[in-house]
Amino acid sequence: MATEAKADRPKVVQRVPQENVRNFCIVAHIDHGKSTLADRLLEVCGNVEEAGEQMLDTMDLERERGITIKSSAVRLLYEADDGELYQLNLIDTPGHVDFAYEVSRSLQACEGAVVLVDVSQGVEAQTVANVYLALEAELEIIPVINKIDVPNVEPEMALKEMDDAFGFHPDEIVMTSGKSGVGVHELLEAIVKRVPAPDEDADAPLRAMIFDSEFDVHQGVIAYVRVFEGRVRPGDEIRMMSSGKRFDVSRTGFFSPAMVDVEELRAGDVGYITAGIKGVKDSRVGDTITCAKKGAEEPLPGYREAQPMVFCGLYPVDNADYEALKDALDRLSLNDAALKYDRETSAALGFGFRCGFLGLLHMEIVQERLEREYDLDLVATAPSVVYRITLTDGTFVEVDNPAQFPPRELIEVIEEPVVEANIMCPQRYVGQVIKVSDDRRGAYLKQEYIWGDRVALHYRLPLAEIVVDYFDALKSATRGYATLDYELAGYVPEDLTKVELMINGDPVDALAIICHRQFAESRGRVIARKLKEAIPRQLFEVRIQASIGSRVVASTRIAPLRRNVTEKCYGGDVTRKRKLLERQKEGKRRMKAIGNVQVPQEAFMSILRLNEED
Amino acid sequence: MARDLSVYVHLPFCLRKCHYCDFNSRPAAESERARYLAALKLEIQRRAELLGASHIRTIFLGGGTPTIYHGEELAGLLEMLKDTAASPPPAPRMPETGGSAGVRTTNGMGRGGTSRFAGPSPVPPSGRELDRAAPPTAAPRTEVTCEANPETVDVAKLRVLREAGFNRLSVGAQSFDDDELRMLGRGHSAEQTALAVAAAREAGFTNLSLDLIYALPGQTLNSWRQTLLRALELQPDHLSAYGLEICEGTPFHARLQAGEIAPVEEAEHLAMRQVTRELCEAAGLDRYEISNYARPGFECAHNITYWRNEEYLGLGAGAWSYLDGVRSGNMREPREYRAAIEAGESPEEYAEELAPEDALAEALMMGLRMTEGLLLHDLAQAYGAESIEALLQRARPLVEMALVEVGAGRIRLTEAGEELHSEVVMRLT
Ligand SMILES: Nc1nc2c(ncn2[C@@H]2O[C@H](COP(=O)(O)OP(=O)(O)O)[C@@H](O)[C@H]2O)c(=O)[nH]1
Ligand code: SF4
C-alpha cells in the first residue's frame, strides 16, 4: 500500500491539458525487466529520489509467483524535448488467465502499450499473447528491446524476432537498459510522440471505469479509475452503475507512487477515488462510476460481474481454527470481490467453508494468503464446478460439492457448465492444441487465422476440465505459446457420475469427485494410486478404495510402517536429533486426521491433477 | 558430593576415509596428528577443575581411528587424563570424606562398577590409580575403552594400551566378507580383524567389542548371517550391529543418487535384525539397546551414560558435552579446534541450555533405546509427576498397539516398538 501524502506538504500538482496526457502500460514477460524499467521511469521523472525497491508490485505473493494480481497506476510528470509538460500514467497489468478480465480492463484504461523484450531472451510466448490482447484493445504499441547493457549480446536475434512475431521494424524499436538508464529518455519521447492523447469530453456527465480496487483499513476502498467523460471531485455524490449504490467522494488523486490528492480527476485522467466504500464488492472492476444526480444514461461497455467458477472446501487442519478462518475470509474478501464463501460441514473434515473462485490460480492464491498472512493450516478439497441436477420428482438443484450429490436413483438429468474457449497459438502447435482439447472432452467449433502464422481455435469444453489442468496442459503442449480465454456458454446434459473414495472402508466425502462416466473407472484407479503415494505409511495398514455407486473399481493398500529408527545413537548431537524428530512431528501435526489415518494436505489436491498419466 | 562423569575423547584421524562414513574423521599427516594431540592435552588441562572434582566412571577414546596413534601416545594421553582427574580441584570446597564415594553403581541393572576415580578422597593417590591389569574376575572398575581398527594394531601396541589402563577394546570389524569390506572402503581384510582380536586377547583385553554393519547394498540375509557367525566365533564380549545409513556427502550417497546402489528393502532389513538378535542370543550376548548386545556384565557403561541421559564431558574436535543441563559441542574441524585451543580461546561452537520439556524429550529419546527402558519414578522425580502423567496418557494408544509397555514401574519399548523408535518417541513427546 502506498503511503499517504503528508497533509501539510504543498501540493505542487501541475495540471496539464488533456492533449498532454498519455496513458500506457508495459507488456513484458517475467524477468525481462519491467519493474526495473518502471522504477527508472519514476526516477527520471523525479517521482523518487532513487530507484530502490521495485515499486509497482506490492504483494510478496505476487513477486514470488512472478505475476501481478492487482494493477496499480503511477503518474509521472515529464518535461519533453518539445518543452511541454506531459502527464504519463503507467498502468500495471496482471498476467494470468484467471485474471484475464482484469487485464482487459487495465488495457482498456490505456491508449498505448510498451512491449518490452529482453535482448538476450527475445520474444516469449506470453508476450505474444499479451501483445495480441493489446492490439485487440486498439492500443498503440511501442516495441522496446531492453537490457542492452548486457555484454556480448547482439540485438540482431531480438530484432529479428520482433519483426517475425509482430512485424515491428528496427527503426520503430527503442533500445533501452533499465539498469543503466540508456534509452530511457528515448522511450519517454516515444511515448509522448506515438501514444495518442485521450480525446474525451470533460463536460459530459461523469463516466469513470474502475480497473482495479484495493481495500485499505483506514480509508476503505481505493478505486483505481480511468475517467472517460466528465469530472469528479471530493464532495461529489457518485453512483456505481452496476448496483446503483451511492457514495460520497472523499478524496481524488493519483499515485506517485505515494498518494497525492488532486482537486479533481477529469476526462482522460487516471487516478484514484476514495468514497468510504466498505469492501471491494461495492467497487467492482469494470464497473462504471457516474454522478448520482444527472448521471450518465449508459455505463461504459464491457462490465462483467466477477463470477466464481470453481468451488472447493477450505477446512482448518485444527478444528479449533474455524473462527480464525472465518475472520480471515471476511477480511480477505474486503479486498477480493470475486471470493465467495459459505459455511459447510464435512463428515471427514469437520467445519469449514465452501469457497468460490475465478479459477484455480485464484484459489491457490487465496489459500496461500490464508495460510501465510493469517497463519492458518488448511485443507483444500479438490475443486468442483456447479452442476445442475433435475431430480426424478421434477425439482431442480444446483450442487457445487460432489459430496452433496444426490443419490443416483433420484437423478433425472445432470447438466454441467461448458465454456467457449478461444485458444491462440502459432500454426505449428495446432495439432497439439487439438489433442489436448479432445482429451478433455472438447468439441471443436472453428479455426481462424489471425495474422502472421497465428491461429485462433474455438472449442467448447466442460468447465470442469478447464479448472483441472487444461491451461497447464495447453501451455506445456505448446511450449508456452498458447493463450487461452474463455466464457461461460451455458449448461449441457452429460452422463456424469460420482466417484467416491474410501479409506479403511469409510467413504471420505471430501475426496469425492464428479466425472464423466466414460472416465470414472480410470479416474478412480488413478486417484486411489495418487492417494497411496500421498499418504505416508501409518502404524497400521491403510486400505484405499474407489467406488462408483456400490461398485468398487479400485483397491490398494498402504503397508504399515515397521521400521523408523536411528540405529546408531550416542552422545553426539542429541539435541539436533531431538529437533529433527520435533520437525517431523510438526509435519504430522499439519496433517488432517481422517478416522485415525493422518492425511497430508496435498493428498486432497493430489486427486486433481490426473491427466498427466491418464 | 563428587559428580559422576563420563569422559569422551575424540581422535578424528583415519588412514583413509571409508565410503559410507560421515563421522568427524579424515586422514592427516603425522605432524598434524601430533599437534592435535598437544591441543587435546591443553583442553584436558583447562578442564582440570571439573575433572578433579568429578567421579570419573568411564573414559572412551573414539574416532576416527584412535589407534592411528602410537600406543605410547595414547598411553600418555590416558596418563594425563588420569593425573588431571586425580588431582583435587583447587576449588575452595572442602574435600569430602570418601566413604561411599568410591562405590557407585554405573547402571541400574544391578551390574555395577566401582571407580577408583572417586574424586577427592582421603585414599592415597596411588590407590586412586587405574588398576593395571586386573584379572577378569576383578571387581568392576572404571571402564576405559579405546576404539581400534584392525589394520592399526598388533600385540605390542595393544599391550602398551592394556598396561596403560585401557580395559576395553572396541574393534571396527564391520564385515567378515572381503568383498563387502572393499565396497565399504575399509582398509583391512576379515583375516586382519581376526588377527587383531587374537592380539587383543593376548595383550590381556578381557572386554572386547566388535562393531558390525549390515543392510549393505546388495547384501543378502545369508551373507550377513555368515559375517555374524564369524564375528561370534571370535567370542566377543560385546557386539554392536548397525544397519547402514547412507548419509549425504558420502561416496555411498553419490552412488545412491546415481542409482548405482539401492538401499536394502525394509522387510529384508528387519529380517537381518531378527537374525542378529537370534544368533547373538544363542551366543550368550543379550540385546540391551537397539543395536547393542553384550554378555551379562559387559554392557558398555560409557554408552549407557548417553542413553540414561547422564552427564558427560567431551574433549576434542566435534566432541559433545552434557553438563549441568547444557548440551555443548566443540568445533568439528580439527584445525579450527586446534587453532582455538592454541589461541587460548574456547573451542566450543554450540551450547544450548535445555528447557525442562526438551530435557524430558531427550531423556525419553535416549532412554527408550535401552531394553530396560526408563524408571517412571526417576522420571517423575526429575521432571515432575504431572509431565509423567501426561506421558502415560500419550503412551496409551501405543500400549494398545503393543509398541510400548508400561509395567513394574518402567516404561519401555517392545521389540516392534524399538523398530519404530523415532515414531514412538514423536508420539510420546
Ligand atoms: N543487465 C541488466 N539487467 C536487468 C535490466 N533490467 C532488469 N535487469 C535484471 O533482470 C532481472 C529481472 O528484472 P525485473 O525488473 O524484476 O523484471 P520483471 O520481472 O520484468 O519485473 C533482475 O535481476 C534485474 O536486476 C537491465 O536493463 N540490464
Ligand atoms: S575408520 Fe571409522 S571413522 Fe575412519 S573413515 Fe572409516 S568409518 Fe569413518
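The numbers here are math on the coordinates, done by the rules we state, and not lab data. From a predicted model like this one, the values you see are computed outputs, not experimental measurements. Neighbour counts run over all protein chains shown; Cβ positions are idealised from the backbone, glycine included.
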Restricting to lysines and to Cα separations under 16 Å from residue A:326, and discarding same-chain partners fewer than 8 apart, the set is A:340
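In percent, what relative contact order does the stretch A:252-295 have, based on Cα pairs under 8 Å that are 6 or more apart in sequence? Mind dumping the intermediate values first?
Values: 29 pairs, mean separation 12.9, N = 44.
That works out to 29 percent.
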By the C-alpha gyration tensor axes a ≥ b ≥ c (rounded if a/c is under 1.5, else prolate when a/b exceeds b/c, else oblate), the shape of the stretch A:116-199 is oblate
The aspartates and glutamates whose Cα lies under 14 Å from the Cα of residue A:179, excluding any fewer than 8 residues away in the same chain, are A:31, A:39, A:43, A:50, A:53, A:118, A:149
Magnitude of the Cβ-charge dipole (Lys and Arg +1, Asp and Glu -1) of the protein assembly as shown about the Cα centre, nearest 20 debye, reported as 3740 debye
For the stretch B:80-86, in residue order, the Karplus 3J(HN,Hα) values (coefficients 6.51, -1.76, 1.60; θ = phi - 60°; whole Hz; Gly and Pro = x) are 5, 4, 4, 4, 4, 5, 7
Given GluC sites (Glu not before Pro), DSSP loops and at most 12 other Cβ atoms within 10 Å, the longest exposed-site-free stretch of chain B is B:1-247
Residues whose built amide H sits under 5 Å from the amide H of residue A:23, excluding neighbours closer than 5 in sequence, are A:89, A:111, A:112
The extension gain from residue A:453 to residue A:393, computed as 0.36 nm times the residue separation minus the Cα-Cα distance, is 16.2 nm
per DSSP, antiparallel bridges as share of beta bridges in the protein assembly as shown, % nearest 5, sits at 70 percent
Ordered by fewest other Cβ atoms within 10 Å, a rough proxy for footprinting exposure, A:555, B:25 read A:555, B:25
Pseudo-spin-label distance residue B:182 to residue A:410, built 7 Å along Cα→Cβ, given in nm, is 7.4 nm
Under the Karplus relation with 6.51, -1.76 and 1.60 and θ = phi - 60°, whole-Hz ³J(HN,Hα) for the stretch B:188-198, x at Gly and Pro, equal 8, 9, 5, 4, 4, 5, 4, 5, 5, 5, 4
Rounded to whole angstrom, the alpha-carbon centroid of the stretch B:1-68 lies from that of the stretch B:199-274 at a distance of 25 Å
Ordered by fewest other Cβ atoms within 10 Å, a rough proxy for footprinting exposure, B:195, B:239, A:461 read B:195, A:461, B:239
Place a point 7 Å from the Cα of residue B:326 in the direction of its beta carbon; the residues of the stretch B:298-320 whose amide N falls under 19 Å from it are B:310-320
Exposed-loop cut sites defined as chymotrypsin sites (Phe, Trp or Tyr not before Pro) in DSSP loop states with at most 14 other Cβ within 10 angstrom; longest site-free run of chain A spans A:1-450
Between the Cα axis of helix A:322-333 and the main Cα principal axis of chain A, the angle (0 to 90°, nearest 10) is 30 degrees
Two pseudo-spin positions, 7 Å from Cα along C-beta at residue B:222 and at residue B:381, lie apart in nanometres by 5.3 nm
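Report, as an integer, the average count of C-beta atoms from other chains found within 10 Å of each Cβ along B:412-423. All intermediate terms of the calculation are to be shown ahead of the outcome.
Working: counts 0, 1, 0, 0, 3, 1, 3, 6, 7, 7, 9, 12.
Neighbouring Cβ atoms belonging to other protein chains average 4 per residue here.
Tell me which trypsin sites (Lys or Arg not before Pro) from the stretch A:216-245 have a DSSP coil assignment and no more than 16 other beta carbons within 10 Å of their own. Write out the running numbers ahead of the final one.
Working: sites: A:226, A:231, A:239, A:245; in loops: A:245.
When the trypsin sites (Lys or Arg not before Pro) of the stretch A:216-245 are filtered for loop state and at most 16 Cβ neighbours within 10 Å, A:245 remain.
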If the label point sits 7 Å along Cα→Cβ of residue A:580, residues of the stretch B:269-312 with amide N under 13 Å come out as none
One finds the C-alpha centres of the stretch A:509-574 and the stretch A:294-362 to be spaced, in Å, by 30 Å
Which of A:532/A:577; A:577/B:41; A:245/A:278 exceed 23 Å between C-alpha atoms? The answer is A:532/A:577; A:577/B:41
Taking a straight Cα-to-Cα line shorter than 20 Å from residue A:435, and setting aside same-chain aspartates and glutamates fewer than 8 residues away, one finds A:420, A:448, A:453, A:465, A:469, A:472, A:485, A:612, A:613, A:614
Fewest-first ordering of B:80, A:209 by Cβ atoms within 10 Å yields B:80, A:209
Applied in sequence order to the stretch A:453-463, the curve 6.51 cos²θ - 1.76 cosθ + 1.60 (Karplus, θ = phi - 60°) yields integer Hz couplings, x standing for Gly and Pro, of 9, 8, 10, 10, 10, 10, 9, 9, 9, x, 4
Expected max-MSF residue from B:378, B:177, B:83 in the GNM of chain B (alpha carbon, under 10 Å) is B:378
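Would you mind getting me the FRET efficiency between residue B:393 and residue A:371? Use the beta-carbon distance for r and R0 = 25 Å, nearest 0.05. Don't jump to the answer; show the numbers that get you there.
Numbers: r = 30 Å, r/R0 = 1.22.
The computed FRET efficiency comes out at 0.25.
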Within 10 Å of the Cβ of an average residue in A:576-586, the count of other chain Cβ atoms is 5
Residues meeting the amide H criterion for residue A:599 (H placed from the backbone, H to H distance under 5 Å, 5 or more places apart or on another chain) are A:592, A:593, A:594
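Determine the shielding of peptide A:392-401 by partner chains: average, over its residues, the number of Cβ atoms on other chains within 10 angstrom of each Cβ. Walk me through the numbers on the way to the answer.
Numbers: counts 0, 0, 0, 0, 0, 0, 0, 0, 0, 0.
Across A:392-401, the average partner-chain Cβ count within 10 Å equals 0.
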